[in-house]
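Accompanying notes for the structure given below.
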Amino acid sequence: PGDEDHDLEISVVVRPRTRTRKPAMYKVLMLNDDYTPMEFVVHVLERFFAKNRDEATAVMLQVHQRGVGVCGVFTYEVAESKVTQVMDLARQNQHPLQCTIEKD
Ligand code: TYC
């Protein structure tokens, strides 16, 4: 007699995630062209990719000689923001500099 709710409880067993996912990472690539001054590319690498003068020069020369180089690796939103900042500054200075994103 009386309350019998106590044996009607429903158990739900939730399997824990195997692991916490790391975010997908994306490379920001700088592309060579025949017109953008080397000094401007070095400036961009220092300003937006936290490179010192030597690191920036090495990446710029890699792009100049091989056609493409890696500026850095970031989450998608950060990578996209870097590309926008580079392209905006290049456009303001009327340089044809291009950079792009590639999944790491
Ligand atoms: N090739 C350019 C020049 O000779 C220099 C340059 C380097 C341009 C890297 C773009 O991403 C670049 N002035």
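The values are calculated or read from the model by the stated rules, or taken from the named source; none is laboratory data. No experiment lies behind these values; they were computed from the predicted model shown. Here the Cβ is made from the backbone with ideal geometry for all residues, glycine too, and neighbour counts use every protein chain on show. Ligands, DNA and RNA are stripped out before the accessible areas are found, and what is left, the full protein with its side chains, is counted by its heavy atoms. Shrake-Rupley method; radii C 1.70, N 1.55, O 1.52, S 1.80 Å.
Per residue, the average separation of C-alpha pairs within less than 8 Å and at least 6 apart gives the range 1-79 a relative contact order of 41 percent. Ranked by the mean number of other Cβ atoms within 10 Å of their residues, highest first, the peptides 67-75, 40-48 fall in the order 40-48, 67-75. Per atom type, the chain shows carbon and sulfur on 50% of its accessible surface, probed at 1.4 Å.
Enter the accessible area per residue of the chain (Å², integer; probe 1.4 Å; all protein chains in place). The partial results should precede the final answer.
Values: 7790 Å² over 104 residues.
Solvent-accessible surface per residue comes out at 75 Å².
Report note on the peptides 85-94, 56-65: ranked by the mean count of other C-beta atoms within 10 Å, highest first, their order is 56-65, 85-94.
Rounded if a/c is under 1.5, else prolate if a/b is larger than b/c, else oblate: which is the range 55-104, with a ≥ b ≥ c the root eigenvalues of its Cα gyration tensor? Oblate, since a/c reaches 1.5 and b/c is not below a/b.
The HN-Hα couplings worked out from phi for the range 18-26 by the Karplus form 6.51 cos²θ - 1.76 cosθ + 1.60 (θ = phi - 60°) are 4, 7, 7, 6, 7, x, 4, 10, 10 Hz, whole numbers, x standing for Gly and Pro. Dividing the Cα radius of gyration of the range 1-103 by its Kirkwood radius returns 1.51 for Rg/Rh.
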